[in-house]
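Visitor: Once you've had a glance at the structure underneath, I'll fire off some questions.
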Amino acid sequence: MFERNHLQSLIKRIEEPRKFIQVIMGPRQTGKTTLVSQLAEKVKMPSFFISADAIAAANSTWLEQQWESARLKMKQAEMGECLLIVDEIQKIHNWSETVKLLWDADTRNKRELKVILLGSSRLLLQQGLTESLAGRFETTYMGHWTFKEMQQAFGWNAEQYVWFGGYPGSAHLIVDEWRWKAYVQQSLIETSISKDILMLTRVDKPALMKRLFDLGCSYSGQILSYTKIMGQLTDAGNTVTLSHYLQLLDTAGLLTGIEKFAKDSIRKRASSPKFQVHNTALISAQRNEMFAEIIEKPAEWGRVVESAIGAHLLNYSLTEKFSLHYWRERNEEVDFVIEYKGKLAGIEVKSGAAAATSGMGAFKKQFNPGKLLLVANEGLTWQDFLTINPVELF
């Protein structure tokens, strides 16, 4: 069975004498539950797995009952410690306060109940952690699968990865592409929006948010002002509403708006967003073309390749903690700017023939970055770039 890189580090954390609540967050169907199942098989203690996703309405009383069951299991096993795994924790009302009370009670009573919390809503998890569980937790972000992971697990080539993306659960369906498209639309897109956003957060105009997602997928890799976005949407409300909906889509691992690089944070937040999907499957599942057709259309294929590079950078930005931006001044533009530990790297993506651009020169003159990279068909190819951890550039 394929194991993601997170497994060994989690085993080490769980087996350490000093215990923390381990929080694993990430989009749906990226292997969080599989990871903890592998973990439970490898650690030398009994485990107790529960999921708030399996019940209609999970409240804090339900969590208290399940936690007490884990305590009893630990006592019956006479091993002195037990592993409690709670999936989709963010669906439990007031979850962070309840976890804090139960965790502190176990600490006072010297119970070695070790806890892993899983969740697919990054926003709600982070809010709960900072509000109630400061000093008690460690986090692991599990993003969409990389090209190297899909290649190792399923034997995919780079072209397959660009089109079909990084959802391991859908990999076996690509032999029937219409079936694969239906699966991604229904089991991934619709489920993520309905369960990870609409059920947990107030959204006054859910149809508008869905149209914003569709628009963002169509324009992935392109910069659109909020004025232009509103012009594309009916009943678009205002820019604050659209910005909020885009943030919700981002925390569910679907779509983000990359901010323009600037030295002051106010200019960054006020910039026009550059749409970027977290996973290129979200684009291709909604297009009418098939893989064999799109790859024969250089201009269309090039846009999907550029979105795959953006998704690669976006997912690593969440695991490696670097900032991802674009840069544009008048007619000068750099596709991606990475800011990592005070250092800058500018990246330009050319799916066709490589060519020097004035944008890179203007960016260099203004900011003096440590690295300027051209990802093209020659030199550093896009296929090679998809195998690189971007922090290796620094």
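The values are calculated or read from the model by the stated rules, or taken from the named source; none is laboratory data. A quick note: this is a predicted structure, and the numbers were derived from the prediction, not measured. Glycine also receives a Cβ, built like all others from the backbone with ideal geometry; neighbour counts cover every protein chain displayed.
Visitor: Kindly check whether there is at least one residue in the stretch 163-174 that is in contact (Cβ under 8 Å) with a residue 24 or more places away in the chain, at positive phi and outside the structural domain of TRP67 (by TED's automatic domain parsing).
Guide: Within the stretch 163-174, one or more residues are in contact (Cβ under 8 Å) with a residue 24 or more places away in the chain, at positive phi and outside the structural domain of TRP67 (by TED's automatic domain parsing).
Visitor: Does SER69 fit the bill of being within 28 Å of ALA252 (Cβ to Cβ) and of a type outside the set (A, V, I, L, M)?
Guide: Spelling it out, it is not the case that SER69 is within 28 Å of ALA252 (Cβ to Cβ) and of a type outside the set (A, V, I, L, M).
Visitor: A further question on this structure: If I filter the stretch 64-72 for residues that are in contact (Cβ under 8 Å) with a residue 24 or more places away in the chain and of a type in the set (Gly, Ala, Ser), do I get at least one hit?
Guide: The answer is yes; a qualifying residue exists.
Residue-wise test of (1) closer than 14 Å to THR140 by Cβ; (2) among the basic types (Lys, Arg); (3) in contact with a Pro (Cβ under 9 Å, 6 or more places away or on another chain).
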residue: ARG13; (1), (2), (3): yes, yes, no
residue: ARG18; (1), (2), (3): no, yes, no
residue: LEU35; (1), (2), (3): yes, no, no
residue: PHE48; (1), (2), (3): no, no, no
residue: ILE55; (1), (2), (3): no, no, no
residue: GLN66; (1), (2), (3): no, no, no
residue: GLU78; (1), (2), (3): no, no, no
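Visitor: When the residues of the stretch 134-172 are filtered to those that are crowded, with 20+ Cβ neighbours inside 10 Å and aliphatic (A, V, I, L, M), which remaining residue is modelled with the lowest pLDDT?
Guide: MET142
Visitor: I'd like to verify a number: residues in the stretch 175-200 that are surrounded by fewer than 17 Cβ atoms within 10 Å (Cβ to Cβ) and either in contact (Cβ under 8 Å) with a residue 24 or more places away in the chain or in a helix (DSSP H, G or I) (or both), how many?
Guide: Looking only at that region, the number is 11.
Visitor: Answer with yes or no whether THR130 is over 30 Å from PHE385 (Cα atoms), in the same structural domain as PHE49 (by TED's automatic domain parsing), without any contact (Cβ under 8 Å) to a residue 24 or more places away in the chain and assigned to a helix (DSSP H, G or I).
Guide: The answer is yes for THR130.
Visitor: Further question on the same structure: Would it be correct to say that SER323 is of a type in the set (Gly, Ala, Ser), farther than 20 Å from LEU374 by Cβ and free of Cβ contacts under 8 Å to residues at least 40 places away in the same chain?
Guide: For SER323, the condition - of a type in the set (Gly, Ala, Ser), farther than 20 Å from LEU374 by Cβ and free of Cβ contacts under 8 Å to residues at least 40 places away in the same chain - is met.
Visitor: Okay, next question. From the list GLU112, GLU81, GLU88, GLU64, pick out the single residue that is among the acidic types (Asp, Glu) and modelled with pLDDT of 90 or more.
Guide: Being among the acidic types (Asp, Glu) and modelled with pLDDT of 90 or more holds for just one of GLU112, GLU81, GLU88, GLU64, which is GLU64.
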